[in-house]
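What follows draws every value from the coordinates through simple rules; no lab data is involved. Here the structure is a predicted model, which is why all the values come from computation and not from measurement. As a convention, Cβ positions derive from the backbone with ideal geometry for all residues, glycine included, and neighbour counts pool all protein chains shown.
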Amino acid sequence: MSSTTPQRQTRQRATIAGVLDELDEFKSAQDIHDLLRHRGHSVGLATVYRNLQALVEAERVDVVRTPDGQATYRACGEATHAHHHHLVCRSCGSAVEIAFEGVEAQVDGIAREHGFTDVGHSIELRGLCAACSP
């Protein structure tokens, strides 16, 4: 869900968003922090985390959890910010946004059946991309 209050665009947020725009794969906050520092940006890890969360809330960045529970981030590739899901490589982290025809209606039906409303969901399919496949 996006916040009802407009987010202030800070220099650090713009820099972090710019780096994310260049990436095709999901990266951890630490990876993003390391990349920024390597490029000469003086930014703290806490600032990276704070800005990543703001970008997620603004629906400009996607977040998925690795199998060990670590949050990883990537710029949202959908210009419309429509609901979407991901196919993620277990090896290199590359990701493709995918659409499931009919899944939204199925989720809504299951939620109604159990008396739930305002249900959110995410689907991440994990496998090996063509470059990482044996």
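Antiparallel DSSP bridges in the chain: what percent, to the nearest 5? The antiparallel fraction comes to roughly 75 percent.
Taking the empirical scaling 2.2 N^0.38 Å for compact globular proteins as reference, region 11-127 has a Cα radius of gyration ratio of 1.17. Once the chain from residue 121 to residue 97 is taken as fully extended at 0.36 nm per residue, the excess over their C-alpha distance is 7.2 nm. With 0.36 nm allotted per residue and the present C-alpha distance subtracted, the residue 104-residue 30 stretch has 23.3 nm of extension available. Exposed loop sites here are GluC sites (Glu not before Pro) in DSSP loop states with at most 16 other C-beta atoms within 10 Å. What is the longest stretch of the chain lacking them? Formally, the longest exposed-site-free interval is 1-58.
Contact order, relative form, for the chain: 23 percent (alpha carbon pairs under 8 Å, 6 or more residues apart, mean separation divided by residue count).
With neighbour counts taken as other beta-carbon atoms within 10 Å, the residues 68, 62, 24 rank, fewest first, as 68, 24, 62.
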